[in-house]
Amino acid sequence: MAAVEKRRPAVAPVAGFTDGGRPAVSRTAATAESEEDFLRQIGVTEMLRAALLKVLEARPEEPIAFLAHYFENMGLRSPANGGAGEPPGQLLLQQQRLGRALWHLRLAHHSQRTAFNNNVSVAYACLSASGRKKKPGLDGRTYSELLKRICRDGEAPEEVVAPLLHKIQCRDHEAVPLDVFRAGMLTCFVLLEFVARAGALYQLLEDPTLAVADRRVGQAVLDTLEGALQASDAATTPSRYLEAGSRLGPDSLALAMDRALGARRPGSPMTREEFLEKAAALFIAKVKPVA
């Protein structure tokens, strides 16, 4: 008989063990575990998990923009930046309410008074909804944040709208009634339109080659605008001031410009920024501060 060779069964490689009998962990696995521990310790893991859960909850049409806005808000409200350090979920809910309020406020132009006032009431209700640890009502911080968002989304320079915000903002802890909220929203929208019209007026005065206007002409137009606003002293709403500025006819403007150019004083340049700031100052001077 032929000798039969006995073959030993193949043995699968066995993971290495340490002297204590515990499985040895590869360097790659140990590094991954240490990085994961680090992210967990500094709160990144929980933060990302909360953000992803919010995306699943909201299911936004633009998830990347949603996350960018989410993390931007967390940075603005963190204790390191002087914020209240509120839970991320509450911050996101607040931003969602601000977004809904802005959407309602922009549905109708402020000249459509009935529709605009109805939308203001809906926006106020959106922001006044109570949360788990918040009493119903609108506080000054939310109101001021909405004013800043409206002005920031407009085309008016920050230095132009800053004096108005200082005049109509409320303290963070103050309760904001609906009439104050309505007046603030209307004033912001009217100022943005007022500044836009002032910018269009400056383009008519601007020398296209120098990109500046003659100071004499610019100041003459501003004086005429101030006279129109003073004629509307009996007005009680900011939109009346906008109407007063709109009544500046071409005849009155042309007369003011002719007088300015006929003066013997040498002219100096007036920039667009200076013109807009002075025009906005005329409007803001008519606005009553929040009591």
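The values are calculated or read from the model by the stated rules, or taken from the named source; none is laboratory data. In this text the structure is predicted, and so the values were computed from the model without any measurement. Methodologically, a virtual Cβ is constructed for each residue, glycine included, from the backbone with ideal geometry; neighbour enumeration extends over all protein chains shown.
Flag not set for ARG49, criterion: closer than 30 Å to THR271 by Cα, at pLDDT below 90, in a helix (DSSP H, G or I) and out of contact with any Cys (no Cβ under 7 Å at 6 or more places or on another chain). Does at least one position in region 249-271 carry a residue that is at pLDDT 65 or above, within 30 Å of the chain's Cα centre (by Cα) and under 16 Å from GLY199 (Cα atoms)? Yes, region 249-271 contains at least one residue that is at pLDDT 65 or above, within 30 Å of the chain's Cα centre (by Cα) and under 16 Å from GLY199 (Cα atoms).
Whether a residue is at pLDDT 90 or above, of a type in the set (Gly, Ala, Ser) and in contact with a helix residue (DSSP H, G or I) (Cβ under 6 Å, 6 or more places away or on another chain) was assessed, and ALA123 passes this test. Out of curiosity, is ALA108 at pLDDT 85 or above, closer than 23 Å to PHE283 by Cα, surrounded by 14 or more Cβ atoms within 10 Å (Cβ to Cβ) and touching a helix residue (DSSP H, G or I) at 6+ places or on another chain (Cβ under 9 Å)? Criteria met by ALA108.
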